[in-house]
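Structure, as structure tokens:
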Amino acid sequence: MNLAQYKPANKIDTPIIGDDGMDLSFLWLYPNRIIFGHPYILDPQATGWLVWDKQPGIDTDRTMTSPVEMASTTVWKGFRLVRCMWAGYLRDGGEERLGHPTQKPLKVINYCVNKTEPNSLILDPFMGSGTTLRAAKNLGRKAIGIEIEEKYCEIAARRMAQTVMNLEAI
């Protein structure tokens with residue numbers, strides 16, 4: 001599938017490395033999946049949709065080009081809506097943009113990871129800045145992330161190194 005015409009949801013017009021003509025058919029091998037990228041990535045077996053409402057009424061700096069983002073899924077049937085204010089950074093929780101042009105807020109990805117079974121292994125073949133891995137770690141899930149560009153791997157590694165102090169051990 002050719003993703004060359006993909007435009008990120010911010011004003012960065014440079015293509016993401018690896019988005020030029022890659023074959024995504026391997027994704028259909030996994031029975032339970034949530035795939036962001038609609039309409040550029042169309043899951044032929046999707047049974048449901050996640051609609052992320054970015055609540056654009058608060059976008060005073062005009063950094064957002066789309067008021068919603070959609071993901072297709074085989075995890076549930078029908079539509080689910082997640083509202084999360086986002087215009088390059090998360091305004092209702094202080095989450096910062098970490099350098100990847102299509103970064104998703106942790107709140108949205110937490111919603112997705114929470115839909116998995118506790119013993120699930122989560123695969124993110126386009127890891128970016130590691131939001132999916134961070135959500136999986138926060139929710140006690142195992143996860144594997146794959147990223148072609150080294151600078152994003154470094155961002156994700158720093159994110160994963162963040163730990164919470166275990167107060168019970170003190």
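The values are calculated or read from the model by the stated rules, or taken from the named source; none is laboratory data. Please read these numbers as outputs of a predicted model, since none were measured by experiment. Neighbour counts are summed over all protein chains in view; Cβ atoms, including those assigned to glycine, are modelled from backbone coordinates with ideal geometry.
Filter the range 108-122 down to residues that are surrounded by 15 or more Cβ atoms within 10 Å (Cβ to Cβ) and in contact with a strand residue (DSSP E or B) (Cβ under 7 Å, 6 or more places away or on another chain) and give me whichever is farthest from residue 74 (Cα to Cα). That would be 108. Considered as a group, the residues in the range 70-99 that are touching a Cys at 6+ places or on another chain (Cβ under 9 Å) and either over 27 Å from residue 43 (Cβ atoms) or polar (S, T, N, Q) (or both) include one that is modelled with the highest pLDDT, and that residue is 73. State whether one or more residues within the range 14-30 are more than 26 Å from residue 136 (Cα to Cα), at pLDDT 65 or above and among the small types (Gly, Ala, Ser). Within the range 14-30 (the criterion being more than 26 Å from residue 136 (Cα to Cα), at pLDDT 65 or above and among the small types (Gly, Ala, Ser)), the answer is yes, since at least one residue qualifies.
The residues of the range 117-136 that are within 19 Å of residue 37 (Cβ to Cβ) and outside any helix (DSSP H, G or I), listed by number, are 122, 123, 124, 125, 126, 127, 128, 129, 130.
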